[in-house]
Structure formats: C-alpha cells, structure tokens
Amino acid sequence: MIAALAVYSLFVGLLIGALALLVERGARRLGLPTRFIWAVAMAAMVVVPAVGAVLRDQQPATTPAVFTGTDASTALRTATVPASDEINTSVLGTSADRILNVWRNALTAIQNGARAADGPLLALWAILSAFLLGVTLHALSEARRMRHGLKAESMLGTTVLLSEDIGPSAVGGNPAAIVIPRWVMTLDESLRSLVIRHEQEHLATRDPALLTTALCLVVLMPWHPVLWWSWRRLRLALEVDCDARVLRREGSPKQYGQLLLLVSQHRSTAPRGQRALMSLATPLSPQASQLKQRIDAMTTRPTKHKLTTIAIMTAGAIGAAVLIAAVPAPAPELSPAPTSTVAQGAEVIVRATTVGTKNVAVDGRGQFAGELLIYGDGPVKIEIVNEALQIASDTIRLKTFPAFTADVTNGDVHVELRGEGEIELAGTVSGGPAVNVSATGHHLVLLKGGTGIRTVGR
C-alpha cells in the first residue's frame with residue numbers, strides 16, 4: 001500500500017500546489033500577504049493524503065466473519081428475488097461524471113500497478129527521511145555553533161552578529177538574532193537601515209520558525225517533489241511579504257530594488273557543500289534566483305478588478321476541491337479470507353437482492369450503453385431472477401441489472417461492468433461465515449465460501 005499511497009499523495013499534492021499558485025497570484029494582485037498560503041498548502045499535502053488513507057482503511061474490504069446456521073437449501077427455496085429490468089436514471093452520470101470516472105479509473109490503475117514496489121519504496125522512504133533529518137539537525141547545530149563564534153556589534157541601535165560573508169539573514173532560536181556580513185557596514189546609513197528593518201520584520205513575524213516547521217514536513221515526505229517546490233515557494237513568499245512590510249514603513253521601491261541588486265552581487269565564497277548546509281541553517285539569506293520575482297512583486301500595483309480576481313480564485317478552489325475529492329485513496333490490503341466453518345457438502349448461497357448502478361453511460365434512447373458480466377472461477381451456480389440455479393459454464397452477459405442468486409461453495413463469482421460507471425451491490429449470505437455483503441465498484445467479486453466481497457481495480 002506504500003506505493004499506492006505515494007501515488008495518491010503526489011496527485012493530491014499536484015492539485016494542492018496548483019491551487020496554491022493560483023491563490024498566491026490572486027492574493028498578490030489584491031495586495032495581500034501570501035506566506036500562509038504556502039504554509040497551509042504544505043500542511044494539506046501531508047494531512048489530506050493521510051486522512052484519505054485512514055478513512056479508506058475504515059471501509060471494510062470484507063464483511064464480518066460471523067457464522068450463521070441458516071440451512072442453505074432452505075434459504076434457496078424460500079428466496080424471493082425482485083427483478084430490476086430498468087436502469088435507475090437518477091444515478092446516471094453526466095459528462096462531468098464520466099470525466100471524473102476516467103480520472104478515477106486511471107489513477108486507480110496507476111496505484112494498482114505501483115503496489116509491487118511497496119518494499120523498496122518503504123526502505124527508500126526511511127533512508128531519505130533519516131538522511132534529511134540528520135542533515136537538518138547538523139545544519140541547526142552548525143547555526144548554533146556559528147552564532148557563538150560571531151562577534152556582536154551595534155548597527156543603528158540594533159545588536160547584530162557580524163560575519164564574513166553569511167547573510168544578511170534572520171536566524172531563529174532563543175534568542176533570535178540578525179546575522180550581517182561585514183561588507184554591509186560599508187553602506188550608507190539609509191541602506192543599512194533598510195537591511196536592519198528587513199531582518200527585524202522577519203523576526204517579528206517568526207518567519208525562521210515557520211520555515212523550519214515547514215522543513216519538518218519535507219523530512220516526513222522527502223520523496224515528494226511538489227512538497228520541495230512548495231517549500232521554495234514559501235521561502236519566496238516570506239521574502240515578498242517582508243519586502244512589502246518594509247516598503248510600507250520606509251524607503252522607496254527604487255532604493256529598495258537597488259539594495260536587492262547590491263545584496264545579490266555579494267555571493268558567498270564558501271564551498272558549495274557548505275553553502276547548501278548554510279541554506280538550511282540560515283534559510284532566509286538572500287537568494288539570487290528570487291531577485292526578479294521580488295522586484296516584480298514590489299513594483300506591481302494592486303488590481304482594480306478585485307471582484308474578478310476573487311471570482312477566479314473561488315472557481316479555481318472549487319475545481320481543485322472537486323478533483324482532489326475524485327482522486328481515489330489507496331484501497332486497504334485485503335486480509336486473508338477467514339477459514340470457512342461450513343460443513344463438508346453444505347452449500348453457500350449469496351442472494352444479491354440489490355443490484356444498482358452509479359454514473360453509467362446511456363445511449364440516445366436512454367438505455368444502458370455497456371454490458372454487465374457475471375461469471376465464475378470454478379464450478380459455481382448462478383440463478384438470474386427466478387430461473388433455475390445452474391452451473392455457469394459461460395459468461396452471462398446482460399443489458400439490465402437484475403437481482404440474482406449465486407452458489408459460491410466452490411468458487412468466486414465475478415460481477416463486472418463493461419463500460420463507464422460502477423455497480424452497487426448488496427445481499428445476504430446463507431451457509432458461510434459472512435451474513436451480509438455490500439460494495440460499490442466497477443468489478444466486484446463474491447468470495448468463495450461466503451467469506452465476503454471485494455473490489456477489483458481497473
């Protein structure tokens with residue numbers, strides 16, 4: 001189930017990431033802060049798949065194994081099975097339903113195909129998480145050691161830690177600190193004031209703590225590329241929001257943009273490996289790759305078409321929510337079928353009293369456009385409506401959805417829908433461990449010995 005959960009998480013993450021990007025752009029056009037958009041999106045990328053998997057696990061793959069002593073032959077003689085020759089048009093799918101069905105079935109097929117990689121994926125997941133956790137803890141330790149090794153100086157009435165080429169950066173901890181590279185001391189007072197103000201804003205809104213917390217989510221799912229991308233977007237959002245707060249208090253966009261250009265020109269001379277470590281220790285250090293986006297955000301004026309922007313954001317949120325809900329959570333692994341307590345020679349009968357449909361396709365006359373197949377694995381007997389129970393040597397093909405009775409003493413009985421949609425089946429069991437069976441799916445299997453029912457992915 002690990003591989004299926006990973007596939008599920010990736011597709012959910014892609015949709016959440018796309019929604020967060022849309023909402024971020026809308027928020028910027030409205031002049032609103034954006035950092036919490038990515039913080040919430042990252043949390044959702046971890047929580048939504050976990051909740052979806054837990055809820056799916058709570059749906060039993062088989063019915064409870066409770067023995068009933070009802071005589072099978074008596075149950076068969078007294079069975080009255082209602083016919084159902086017409087399709088329930090209230091559950092016929094629209095075009096949107098059919099598109100969602102294709103989406104669901106494709107993702108289910110990908111999940112089922114990935115199940116074979118469960119073992120290697122679990123091992124890789126554990127190794128990556130352990131490695132990234134070790135790197136993160138080492139980076140935090142290095143940051144603590146670095147702080148103790150830097151000299152404290154006063155700059156414009158603010159105590160800062162003076163480094164050779166690290167920063168400017170706000171560093172979390174107790175107490176929090178501002179790390180300033182030595183070259184900043186050579187700037188004129190107005191530019192130094194902007195540098196100090198920027199880092200003070202980071203500390204005031206606890207940006208270092210937020211970024212470290214978000215990194216913990218990446219440690220939990222280090223194989224998730226959308227989560228890594230979202231963490232980078234969060235870093236950018238923190239800087240853009242901080243720039244906006246500084247400009248509201250002091251400075252002009254032109255002067256502030258010149259400062260950003262000047263800071264980006266002073267690249268660290270440390271080895272690449274050490275720079276990567278420092279990017280975790282001081283994640284709010286300037287990033288040259290973010291320069292253009294920060295200047296664009298700083299010089300873009302809020303839109304006058306606020307209602308249109310809000311409407312687009314709302315429509316995008318609704319569309320993403322529908323698609324996320326349509327992503328099928330990985331089905332729980334089937335536990336081994338319980339040992340049947342049926343006496344040798346006794347019959348196990350399943351009476352499918354309700355056979356309905358969901359989101360099926362219809363032709364121009366309103367009739368079912370697909371085909372219902374009923375067949376067995378082994379010597380099974382099947383009775384359609386009130387005909388005689390007989391051995392199913394061939395596949396039974398139907399254009400309607402009648403109730404039926406099946407003898408599953410010596411084999412499984414498959415109920416499969418050829419075409420779009422799902423089957424909704426419910427019934428009772430006589431002579432087997434289970435008492436009732438019910439399931440919804442494209443391909444259902446009544447298990448040998450009356451132990452329950454399971455679904456088969458496309």
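The values are calculated or read from the model by the stated rules, or taken from the named source; none is laboratory data. Keep in mind that this is a model prediction, so the values were computed, not measured. Reconstructed Cβ throughout: ideal geometry from the backbone, glycine too, with neighbour counts over all protein chains shown. Just so you know, the surface numbers come from the protein's heavy atoms only, side chains and all, with ligands and any DNA or RNA stripped out. Shrake-Rupley method; radii C 1.70, N 1.55, O 1.52, S 1.80 Å.
Out of residues 5 or more away from residue 163 or on other chains, whose amide H comes under 5 Å of its own, with H placed 1.01 Å from N in the peptide plane?
Here the answer is 180, 182, since their amide H atoms fall under 5 Å of that of residue 163.
Which FRET efficiency value, to the nearest 0.05, do you get for residue 30 and residue 223 by plugging their Cβ-Cβ distance into 1/(1 + (r/R0)^6) with R0 = 45 Å?
0.80
May I have the convex hull volume per residue, in Å³, for the Cα set of region 347-437?
Working: hull volume 8.4 nm³, N = 91.
About 92 Å³ per residue, rounded to a whole number.
With labels modelled as points extended 7 Å from the Cα through the Cβ direction, what inter-label distance (nm, one decimal) is found for residue 183 paired with residue 326?
Placing both labels 7 Å beyond Cα along the Cβ direction yields 5.2 nm.
Could you put 36, 368 in order of accessible surface area, largest first, with the 1.4 Å probe and the full protein assembly present? Each step should come with its number before you reach the end.
Numbers: 36 115, 368 10 Å².
Of 36, 368, the descending order of accessible area is 36, 368.
How much length would be gained if the chain were fully extended between residue 153 and residue 127, taking 0.36 nm per residue of separation minus their Cα-Cα distance, in nm to one decimal?
Stretched fully, the residue 153-residue 127 segment lengthens by 5.1 nm.
Would you mind getting the accessible area per residue of region 119-247, heavy atoms of the protein chains only, 1.4 Å probe, in Å²?
So region 119-247 comes to 46 Å² accessible per residue, rounded to a whole number.
Just by accessible area at a 1.4 angstrom probe, what is the order of 233, 397, 29 from largest to smallest?
Most to least solvent-accessible, the answer reads 397, 29, 233.
For region 136-202, run through the GluC sites (Glu not before Pro) and keep only the ones in DSSP coil with at most 13 other Cβ atoms within 10 Å of their Cβ.
Here the sparse-neighbourhood loop sites are 164.
Could you tell me whether region 170-217 comes out rounded, prolate or oblate from its Cα gyration tensor? Rule is a ≥ b ≥ c as square roots of the eigenvalues, rounded for a/c under 1.5, then prolate if a/b exceeds b/c, otherwise oblate.
prolate
Provide the gained length on full extension for the span residue 248 to residue 354, in nm with one decimal, where the gain is 0.36 nm per separating residue minus the Cα-Cα distance. Mind dumping the intermediate values first?
On the way: separation 106, 0.36 × 106 = 38.16 nm, distance 6.62 nm.
Full extension of this stretch gives 31.5 nm more.
Rounded to the nearest 0.05, what FRET efficiency do residue 301 and residue 377 give with R0 = 56 Å and r taken as the Cβ-Cβ distance? Could you check?
About 0.25, to the nearest 0.05.
Based on the alpha-carbon gyration tensor of region 131-179 and its eigenvalue square roots a ≥ b ≥ c, which shape applies: rounded if a/c is under 1.5, prolate if not and a/b is larger than b/c, or oblate?
It is prolate, given that a/c is not under 1.5 and a/b is the larger ratio.
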